[in-house]
Ligand code: UDP
């Protein structure tokens, strides 16, 4: 059979590979001039630094199958994300751990003491935290919340943490030991040559053709057996019901000789600092050495038409519109919506790959059983 996959990011590449390996012809198009979507990497000509062009992407997973999969297509180097936060005039370790707590409160507590101390700070009247703010007040208390989360989150999401779901904060652990590894997953690393060659390797199959700088045109769907759409869900329908809200990022690049900040990611917790974080890209490839350095100041704002969508907002208003688009998609035969943009969810790379592998299998089962594939193989809700 012949399939059209719109978008050559992780979802499109992984599903395309599955289908190609099962004997099908896949045409994969992307409107940009490179594959890999927002995890695209490129070497900076001036400094030789490997740039995470659309912001930092650190690979971490607990999923053995996903880890084996990415290692089939790239050589991974050990990398642990150790983030710092500048806030209220000092630099602290993230995620909030025993060092952060002791430094912030000027104490020398051991784990159990810190646990009790933080429990005293925490608002235990909040039994079932619903919002980001309630989750923070319930688990770390007001002083840490205000220093590390409140300002950062207002900048990142453009709204009050009282309006955001608790799930966003649940991405971050709080540790009562000195472990400052940002992620707790078993497998963590960085592809030695960047993500783009990894995605190119996934796409390197005789039954896959890739066309870059090629926007979708509905005429392309004629004569193909099915379409996989990993672009924005509302974009497929020409935004006819309105636009699903996204945050987009602006990166202000600056160059430096030597080491600018001594780490890959420095967050800025204060509301008064207009950017959320500064990334120094050479520290994402610690096995390389470069004299020159390239940094990005990262600013977050509401995406306008034409901006690159990054983070789906998913507040009450967006969820209502999402339901309308889901209903529309379910009435549209011949196309399956996949990935972060196709299902309008905040997805890490490993989850994207897992879902794409499973979507490929589920789709092939539909073919075997003679069923037509649904609009969504993973729920966008
Ligand atoms: N966050 C925060 N302060 C920080 C880092 C993160 O308040 O110093 C909040 C913020 O709301 C952010 C969320 O936690 O959107 C998830 O953070 P993560 O680092 O996972 O975000 P990503 O790297 O995906 O942008």
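The values are calculated or read from the model by the stated rules, or taken from the named source; none is laboratory data. Small disclaimer: the values here were computed from a predicted structure and weren't measured. Cβ atoms come from the backbone with ideal geometry, glycine included; neighbour counts cover every protein chain shown.
Numbers at a glance
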{"quantity": "Qualifying residue in the stretch 205-226 (condition: surrounded by fewer than 18 Cβ atoms within 10 Å (Cβ to Cβ) and on the phi > 0 side of the Ramachandran plot)", "calculated": "yes"}
{"quantity": "Failed item, numbered, when residue 295 is tested on (1) within 13 Å of the ligand (Cβ to nearest atom); (2) modelled with pLDDT of 95 or more; (3) touching a helix residue (DSSP H, G or I) at 6+ places or on another chain (Cβ under 9 Å)", "calculated": "(1)"}
{"quantity": "Condition met for residue 136 (in a helix (DSSP H, G or I), out of contact with any strand residue (DSSP E or B) (no Cβ under 8 Å at 6 or more places or on another chain) and in contact (Cβ under 8 Å) with a residue 12 or more places away in the chain)", "calculated": "yes"}
{"quantity": "Single unsatisfied condition, residue 189 versus (1) more than 22 Å from residue 298 (Cβ to Cβ); (2) touching a strand residue (DSSP E or B) at 6+ places or on another chain (Cβ under 7 Å); (3) crowded, with 20+ Cβ neighbours inside 10 Å", "calculated": "(3)"}
{"quantity": "Check on residue 314, in a loop (DSSP other than H, G, I, E, B), within 30 Å of residue 87 (Cβ to Cβ), within 16 Å of the ligand (Cβ to nearest atom) and at pLDDT below 95", "calculated": "yes"}
{"quantity": "Odd one out for residue 286, checked against (1) within 22 Å of residue 83 (Cβ to Cβ); (2) away from the ligand (no atom under 14 Å from the Cβ); (3) surrounded by 20 or more Cβ atoms within 10 Å (Cβ to Cβ)", "calculated": "(3)"}
{"quantity": "Qualifying residue in the stretch 343-351 (condition: in a helix (DSSP H, G or I), out of contact with any strand residue (DSSP E or B) (no Cβ under 9 Å at 6 or more places or on another chain), surrounded by 15 or more Cβ atoms within 10 Å (Cβ to Cβ) and touching a residue at least 40 places away in the same chain (Cβ under 8 Å))", "calculated": "no"}
{"quantity": "Meets criteria (at negative phi, at pLDDT below 95 and within 15 Å of the ligand (Cβ to nearest atom)) for residue 249", "calculated": "no"}
{"quantity": "Residue match in the stretch 117-130 (condition: under 24 Å from the mean Cα position of the chain (by Cα) and within 11 Å of the ligand (Cβ to nearest atom))", "calculated": "no"}
{"quantity": "From 277, 345, residue being more than 25 Å from residue 69 (Cβ to Cβ) and within 16 Å of the ligand (Cβ to nearest atom)", "calculated": "277"}
{"quantity": "Lone unmet requirement of (1) on the phi < 0 side of the Ramachandran plot; (2) in contact (Cβ under 8 Å) with a residue 12 or more places away in the chain; (3) in contact with a helix residue (DSSP H, G or I) (Cβ under 9 Å, 6 or more places away or on another chain) for residue 314", "calculated": "(1)"}
{"quantity": "Flag for residue 337 being away from the ligand (no atom under 16 Å from the Cβ), in contact (Cβ under 8 Å) with a residue 60 or more places away in the chain and either touching a helix residue (DSSP H, G or I) at 6+ places or on another chain (Cβ under 6 Å) or under 21 Å from residue 235 (Cα atoms) (or both)", "calculated": "yes"}
{"quantity": "Which listed residue is farther than 30 Å from residue 276 by Cβ, touching a helix residue (DSSP H, G or I) at 6+ places or on another chain (Cβ under 9 Å), modelled with pLDDT of 95 or more and away from the ligand (no atom under 15 Å from the Cβ), from 186, 207", "calculated": "207"}
{"quantity": "Any hit, the stretch 6-21, residues being under 25 Å from residue 309 (Cα atoms), assigned to a strand (DSSP E or B) and within 16 Å of the chain's Cα centre (by Cα)", "calculated": "no"}
{"quantity": "Test: residue 60 is within 28 Å of residue 204 (Cβ to Cβ), part of a strand (DSSP E or B) and at pLDDT 95 or above", "calculated": "yes"}
{"quantity": "Which listed residue, of 138, 115, 175, is surrounded by fewer than 22 Cβ atoms within 10 Å (Cβ to Cβ), over 23 Å from residue 276 (Cα atoms) and at pLDDT 95 or above", "calculated": "115"}
{"quantity": "Strands (runs of 3 or more DSSP E) wholly inside the stretch 65-106 containing at least 1 residues that are under 20 Å from the mean Cα position of the chain (by Cα)", "calculated": "76-78, 84-87"}
{"quantity": "Residues of the stretch 139-161 classified as within 26 Å of residue 249 (Cα to Cα), more than 10 Å from the ligand (Cβ to nearest atom), touching a helix residue (DSSP H, G or I) at 6+ places or on another chain (Cβ under 8 Å) and not in a helix (DSSP H, G or I), total", "calculated": "1"}
